[in-house]
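Before any comments, here is the structure.
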Amino acid sequence: MYNDNRMTIYLGIETSCDETAAAIVKEGRIVLSNCVQSQIRTHQTFGGVVPEVAAREHLESINHIIALALSEAKLSKKDLSGIACTVGPGLIGTLLVGIAAAQSLSFAWDLPLIGVDHLYAHVCANFLDTDLKPPFICLLVSGGHTQIIHFADFNEFKILGQTVDDAAGEAYDKVARLLGLPYPGGPAIDKLAKDGNPHAFKFPEAKMADLDFSFSGLKTAVLRCLEKLEQPWPVTDIAASFQNAVTDALVRKTLLGREKTGAPFIVLAGGVAANTVLRKKMQAQSKVPVIYPSVRYCTDNAAMVAAAAYFTKSAGELGFGGDPAYSRQKRSRLSRAK
Ligand code: KG4
Ligand code: ZN
């Protein structure tokens, strides 16, 4: 395949946590390749992500994953319009691996480098393989963040509410650990809960103002409940009851945000958007269509990063040393010197 330069084709790179990912996306929506090397097995030994170990594994995999993304898309560097990489939020050591790789390729291949916000990228996962456009209300639920965001346009958004303590994914991971389940806890609880009774235990929903959330009390409530129970614990019932409480809170507040803004769609984003009960409940209770990415685009991936580079205006071009003006000046000097 050869890009005739009328199409914007970005190589996306993602290393913010424990997935080394590279992908090629055309016009922000058409995924030409999506390669992810997960480190889950490594971190399972420790019960969570160890930042230093994660950074080293990224370093080992990054070149291979980028080469794989290009070869699966049947493209070469000449076909690319730019390189997009996650610049935060994330683990600083792991982010640096992706940024260094992206900067090096941008320099070597003389391509613009676009820095992308990881959370914005999660929202953009909803544009992949669809023709979705704002306005919409988005529930962004990941391992580090829980936010309700109103998108008036692609680059016009307002955070209406967020967690004051643990993120929803973090609550899943911590409760899974209490139950002796493997990391990451979300998929493990989602799976176990299918065989449990969601009403077996009543876990309280934190009373938070407006559209804010709090999940740390819920985690403590599960701990207190376990302390009172005799072994063997009814793990499936606890998992289902915990999941019921988390998803009730997420759905209730998102619907409230939807009512307030009159948005015509509800959009889910982030790792917890893969949750089967959250998806079903939101769909059952919402008066407007509920959109969510396929599971491979909910958890960390680079296709969403390449999409974000296409849709974002705010991130702009990153450069060597981080100053866009310096970058352009230096690059043109370098190209002249060639
Ligand atoms: O978006 P993500 O891949 O990484 C961050 O940016 O944090 O989200 C990871 C989080 C983890 O906490 C994981 O337990 C949770 O998403 N997760 C789930 C499911 N799949 C992943 N939570 C609930 N149900 C799932 N099926
Ligand atoms: Zn993420």
By residue number, the members of the range 254-277 that are in contact (Cβ under 8 Å) with a residue 24 or more places away in the chain and charged (D, E, K, R) are ARG258, LYS260
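Determine, yes or no, whether ALA125 is under 18 Å from the mean Cα position of the chain (by Cα) and touching a residue at least 60 places away in the same chain (Cβ under 8 Å).
So ALA125 fits the description; yes.
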Margin query: Tell me yes or no: at least one residue of the range 105-122 is in contact with a Pro (Cβ under 8 Å, 6 or more places away or on another chain), of a type in the set (A, V, I, L, M), modelled with pLDDT of 95 or more and more than 16 Å from ligand 2 (Cβ to nearest atom).
Written below: no
Checked THR94, THR146 against criteria (of a type in the set (S, T, N, Q), within 16 Å of ligand 1 (Cβ to nearest atom) and over 22 Å from ASN275 (Cα atoms)); the one match is THR94
Apart from one, (1) buried (at least 16 other Cβ atoms within 10 Å of the Cβ); (2) within 16 Å of ligand 1 (Cβ to nearest atom); (3) at pLDDT 95 or above all hold for TYR183; the odd one out is (3)
Flagged pairs (Cβ under 6 angstrom, 6 or more apart or on separate chains; first in the range 225-253, within 19 Å of VAL164 (Cα to Cα); second among the polar types (S, T, N, Q)) are VAL251/GLN285
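With within 29 Å of VAL123 (Cβ to Cβ) and in contact with a strand residue (DSSP E or B) (Cβ under 6 Å, 6 or more places away or on another chain) as the only criterion, which of ALA188, ALA263, ALA206 stands out? First the steps, then the outcome.
Details: ALA188 fails: in contact with a strand residue (DSSP E or B) (Cβ under 6 Å, 6 or more places away or on another chain); ALA206 fails: in contact with a strand residue (DSSP E or B) (Cβ under 6 Å, 6 or more places away or on another chain).
Answer to the check: ALA263.
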The helices (runs of 4 or more DSSP H) lying entirely within the range 189-304 that contain at least 3 residues which are over 25 Å from the mean Cα position of the chain (by Cα), among the hydrophobic types (A, V, I, L, M, F, W, C) and away from ligand 2 (no atom under 16 Å from the Cβ) are 216-228
Screening VAL251, VAL288, VAL272, VAL267 for residues that are outside the structural domain of ASP18 (by TED's automatic domain parsing) and within 11 Å of ligand 1 (Cβ to nearest atom) leaves only VAL272
(Q) Kindly evaluate THR86 against the criterion of being surrounded by fewer than 23 Cβ atoms within 10 Å (Cβ to Cβ) and either within 16 Å of ligand 1 (Cβ to nearest atom) or among the polar types (S, T, N, Q) (or both). (A) no
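Residue-by-condition table, conditions (1) among the aliphatic types (A, V, I, L, M); (2) more than 16 Å from ligand 2 (Cβ to nearest atom):
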{"residue": "ILE9", "(1), (2)": "yes, yes"}
{"residue": "GLY12", "(1), (2)": "no, no"}
{"residue": "THR45", "(1), (2)": "no, yes"}
{"residue": "GLU60", "(1), (2)": "no, yes"}
{"residue": "PRO89", "(1), (2)": "no, no"}
All conditions in (1) surrounded by 21 or more Cβ atoms within 10 Å (Cβ to Cβ); (2) within 16 Å of ligand 2 (Cβ to nearest atom); (3) touching a residue at least 40 places away in the same chain (Cβ under 8 Å) are true of GLN162 except (1)
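The values are calculated or read from the model by the stated rules, or taken from the named source; none is laboratory data. The model shown is predicted, which means the values in this text are computed figures rather than measured ones. Backbone-built Cβ (ideal geometry, glycine too); neighbour counts: all protein chains shown.
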